[in-house]
Amino acid sequence: MLNRLKNKISYQLVAILSLLFFSLLLPISFFAWIAVVDFGEYAISVNQEYIKGQAYNYLISHTREQSSRYDNFFEKVRVTASVMAAEATQIYNGLLDKRGIESFPFVLWKNPRNNIFQGPEDQEVITLYWGSSQVEEEIFSEVAALTKMDPLLITAKQEVPECVATHMITASGIGRYYPDNDKLRELVFELPDPQEFDLRDGAPFTIFKDRNYSFSGAKWTPVYKDDVHAGLMVTASAPIYDKSASFKGIVGIDVPLGFLNRDASLQNRSEYFLDDGFAFNVILDQNGHFVSFPKELLGHFALETNMDTFKDSSDILNFSFLSSSISEVRNLHQSILGRASSIATVEMNDQIFIVTSYRMKHIGWYM
């Protein structure tokens, strides 16, 4: 009887201890499981943030490198145009001093198709005059003096192979052009009658309409419709003043938007962009207006522009993110301008766009 009681008590004690053990083990196991789950979720979160951070760092770095490359290109073109203007200034100073013109190098004849006087078509640098109905003696002297610019116009075009032409437009109505191919040469001789459109009303000339003598060096035009090249253009245009501070005209280097858009597209072919995504560049000027943009992708940002009505270089493309019908896109305008760099996320039509920007050091534009 006593042994049976001892055995019963032993069983009950084992049962109690077992119950106590499991009652302690289960909460510990539960909290351990929760801790493992939480740690796993934390690890996933940290990993996602790390990947996201790395992706953002790559995009920012990529944008910075791209902007630096374009900045160097634009600055090179601008400085080249400034050098051309400095040489033209010396030529006009010589005219002011009545020196250096002894004979006229070629004959000007009036083209009956557009009433513009032109020099020989076989000259490397094309000469036009539309300032009046006849060529006065001082115009002959001016044209003759400006032929000294020919080597520099040609060299500048060679130094900037991406441009389509170097040119001069004078206040007196003289045009001197060095285009890069025979098709453009032919089109130069087919410019409209000055009664329809005067090149002095085009963007490369009118950006200096205030004729502020204190300004030195070239600056970039807004995007405009070129008079010869089929497409949109930006020009590094530099003013010419003689030593009496008289505005004599401009020299310019024309860079087509087609080149900028093609170049930006090629630069974005990278293994970092997945098959179900894409990337593209835009360049904005200091006011936020587009300088370069892939036209076929503007629909993603609800941006529309009609350039069918553009006829000549007085037609300016004033186009920015503010032109969008989507508020998130319009907000990009202020988030980019005035900052050395920025990054933003825009969600539209079930698509997410990461927009990174970087300000170009020399020119002040944005990639």
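FYI, it's all coordinate maths here, none of it is from the lab. This one's a predicted model, so the numbers in the text were calculated from it and none came from an experiment. Don't worry about glycine lacking a Cβ; one is built from the backbone with ideal geometry, like all the others, and counts go over all protein chains shown.
Brief remarks on what is shown
- Counting Lys and Arg as +1 and Asp and Glu as -1 over every other residue whose Cβ lies under 14 Å from the Cβ of Ser313, the net charge comes to -4.
- Phi angles of segment 334-346 translate, via the Karplus equation with coefficients 6.51, -1.76, 1.60 and θ = phi - 60°, into HN-Hα couplings of 6, 6, 8, 5, x, 10, 5, 7, 7, 9, 9, 10, 10 Hz per residue; Gly and Pro are given as x.
- Segment 103-127-segment 312-367 distance, computed between alpha-carbon centres (Å): 45
- For segment 92-203, the convex hull drawn through the C-alpha positions has a volume of 113 cubic angstrom per residue.
- Sorted into 10 angstrom bins from 0, the C-alpha pair distances of segment 273-335 split as 18, 49, 27, 5, 0 percent.
- Working from label points 7 Å from Cα in the Cα-to-Cβ sense, the Glu186 to Lys361 distance is 4.5 nm.
- Rounded to the nearest Hz, the phi-derived 3J(HN,Hα) couplings of segment 135-140 under the Karplus curve 6.51 cos²θ - 1.76 cosθ + 1.60 (θ = phi - 60°) are 9, 7, 4, 5, 6, 4, where x marks glycine and proline.
- Evaluated at q = 0.14, 0.20, 0.24, 0.29 Å⁻¹: base-10 log I(q)/I(0), Debye formula over Cα of segment 168-210: -0.37, -0.72, -0.96, -1.15
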